[in-house]
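Please read the structure below before turning to the comments.
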Amino acid sequence: LNYQRFFTDSGRVVTLTGEAFFEVAKDSLRPFLVHSGHSITEALGTSFNIKNEEEKTSIALVSGKISVRNTENQQVLLNPGEMVTNEFGSLGDKTAFNYEDEIAWKDGKLVFREASSTEVFSKLRNWFGVEFKILLDDEAMQWHYSGQFTKQSLKDVLISIGYSENFEFSIENNLITITDKREKTYN
């Protein structure tokens, strides 16, 4: 999160890379603007979540009202319970969102719903600040995992997912190596 030390009299502007939850005090004279990827989110007394990952930004509104626009000045107004995604500079349609899926992270909950192996390892990489070396073949990577963890260690999370999805792991500093637990047969 980048911002100037002092906001101006005409606005409060921040730049976000990553994910953050905002609770913004109402100030009609100084709108609150968040620049994230190709999106600009404007809030006037509201709470919302923004997740910015490479070329995709998701904005989910919890309370109040926000305006989201892209660099082409396309604009979407969100009401509570709605979200919009901006991929590669193009705003998608408004959709409803599940609070746990989008915002539970701020309460220490790590939630997976039918997540692919790629999604699981990406989320774990971001959540715990680690890197993965995955030594699984394509067949072993074809799974859809659902689970929820509240303030648990990386080791405990990997034990649970590994049991369900049939992999083993080793941890060396910040590198996690994932290997297949299925029995190998040799001719």
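With respect to Val111, determine if the residue is within 25 Å of Asn49 (Cα to Cα), in a helix (DSSP H, G or I) and in contact with a strand residue (DSSP E or B) (Cβ under 6 Å, 6 or more places away or on another chain). So Val111 does not fit the description; no. Name the residue that is farthest from Leu110 (Cα to Cα), counting only residues in the range 10-28 that are assigned to a loop (DSSP other than H, G, I, E, B) and within 24 Å of the chain's Cα centre (by Cα). My answer is Ala25.
Of the residues Ala25, Ala43, which single one is open to solvent by 60 Å² or more (accessible area, probe 1.4 Å) and modelled with pLDDT under 90? Exactly one residue qualifies, and that residue is Ala25. Filtered by the rule that a residue be part of a strand (DSSP E or B), free of Cβ contacts under 8 Å to residues at least 40 places away in the same chain and either closer than 25 Å to Thr150 by Cβ or open to solvent by less than 70 Å² (accessible area, probe 1.4 Å) (or both), the range 70-89 gives Asn70, Val76, Leu78, Glu82, Met83, Val84, Thr85. In the range 1-22, what residues are closer than 28 Å to Phe128 by Cβ, surrounded by 15 or more Cβ atoms within 10 Å (Cβ to Cβ) and among the hydrophobic types (A, V, I, L, M, F, W, C)? Result: Val14, Leu16, Ala20, Phe21, Phe22. Considering the range 138-167, and only residues there that are part of a helix (DSSP H, G or I) and surrounded by fewer than 16 Cβ atoms within 10 Å (Cβ to Cβ), the residue that is modelled with the lowest pLDDT turns out to be Glu139.
The values are calculated or read from the model by the stated rules, or taken from the named source; none is laboratory data. Everything numeric here is computed off the predicted structure, so don't read it as measured data. We place every Cβ from the backbone using ideal geometry, glycine too, and count neighbours over all the protein chains shown. Note: accessible area is taken over every heavy atom of the protein model, side chains too, but ligands, DNA and RNA are not part of it. Shrake-Rupley method; radii C 1.70, N 1.55, O 1.52, S 1.80 Å.
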